[in-house]
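Below is one structure; the comments refer to it alone.
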Amino acid sequence: MTFNEKLLSGAKELNCSVFRLKRGINMNETMNTILNRRSIRAYKEDQLKEEELQTIIEAGKFAPSAINEQCWHFTIIQNKELLHKINKSCKEIMIKSGNKMFAERAKDENFSVLYNAPTFIIISGDEKAVAPQVDCALAMENMFLAAEAMNIGSCWIHAVINLLGIEDGKALREELQIPEGFTPYCSAAFGYKAADGSAAPRKEGTVTILR
């Protein structure tokens with residue numbers, strides 16, 4: 001049985017409605033990981049194994065970067081008190097944001113901005129680099145795919161980046177030991193999945209091919 005046949009036969013068990021394969025798409029294990037990944041918003045309490053964490057970090061380090069500057073810095077947060085502080089600070093900003101939906105959500109005691117994930121990763125980029133924001137995003141995507149390959153969930157959470165970019169987040173930024181001259185660009189939750197995510201339909205009309 002070919003890889004495509006195995007993939008199709010297992011699509012139902014994998015809950016992979018995304019695998020509506022089109023002609024001309026070469027399916028392989030890499031594409032399987034890309035198409036199967038979801039943003040996970042419910043995590044188990046168990047912490048990631050050290051080998052799993054190091055695998056995710058190594059994947060980030062091997063992302064491409066403009067003129068190979070590798071301008072990133074990875075901040076890995078697993079300390080429960082610090083995770084609680086980040087969540088609390090983000091919720092306070094949401095309440096003061098003036099956005100009614102955000103405020104109502106933040107007032108819910110059961111709501112966690114980090115979705116109670118046991119590991120949180122922030123990627124900062126050197127402000128003097130050519131394209132630090134893009135480089136950091138590429139590193140985060142590598143981390144997402146490495147995590148998914150190990151059946152570990154992840155979710156991009158930009159609220160923390162918003163917090164670290166304002167005066168109210170200055171003290172927290174120092175506590176997180178963000179290097180001088182670096183700006184936080186990406187942040188995400190990682191952990192074992194407590195629930196599956198769902199895929200939104202892909203938008204049409206987003207591709208132009210010039211031949």
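General remarks:
- Within segment 148-158, the residues that satisfy the criterion of being surrounded by fewer than 19 Cβ atoms within 10 Å (Cβ to Cβ) and either among the aliphatic types (A, V, I, L, M) or in contact with a strand residue (DSSP E or B) (Cβ under 6 Å, 6 or more places away or on another chain) (or both) are Ala149, Met150, Trp156.
- Residue satisfying condition, being β-branched (Val, Ile, Thr) and out of contact with any Phe, Trp or Tyr (no Cβ under 9 Å at 6 or more places or on another chain), within set Ile209, Ile157, Ile152, Ile122: Ile209
Each row is one residue, and each column tells you yes or no for (1) in contact with a Gly (Cβ under 9 Å, 6 or more places away or on another chain); (2) hydrophobic (A, V, I, L, M, F, W, C).
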| residue | (1), (2) |
| --- | --- |
| Asp135 | yes, no |
| Ala139 | yes, yes |
| Ser154 | yes, no |
| Gly165 | no, no |
| Lys170 | no, no |
| Glu175 | no, no |
| Pro179 | no, no |
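- Cross-chain or 6+ apart pairs with Cβ under 6 Å, segment 117-140 first and of a type in the set (Phe, Trp, Tyr), then assigned to a strand (DSSP E or B) and surrounded by 22 or more Cβ atoms within 10 Å (Cβ to Cβ): Phe120/Ala189
- Residues in segment 37-70 that are in a loop (DSSP other than H, G, I, E, B), charged (D, E, K, R) and over 14 Å from the mean Cα position of the chain (by Cα): Lys44, Glu45, Asp46, Lys49, Glu69.
- Failed item, numbered, when Glu109 is tested on (1) at pLDDT 95 or above; (2) in a loop (DSSP other than H, G, I, E, B): (1)
- The set of residues in segment 74-106 being among the β-branched types (Val, Ile, Thr) and not in a helix (DSSP H, G or I) consists of Thr75, Ile76, Ile77.
- Contacts under 6 angstrom Cβ, first residue in segment 47-65 being closer than 12 Å to Ile76 by Cβ, partner part of a helix (DSSP H, G or I) and not charged (D, E, K, R), 6 or more apart: Ile56/Met143; Ile56/Ala146; Ile56/Ala147; Gly60/Ala139; Gly60/Asn142; Gly60/Met143
- Residue within segment 128-147 that is touching a strand residue (DSSP E or B) at 6+ places or on another chain (Cβ under 7 Å) and surrounded by fewer than 19 Cβ atoms within 10 Å (Cβ to Cβ) present: yes
The values are calculated or read from the model by the stated rules, or taken from the named source; none is laboratory data. Everything numeric in this text was worked out from a predicted model, so none of it was measured. Reconstructed Cβ throughout: ideal geometry from the backbone, glycine too, with neighbour counts over all protein chains shown.
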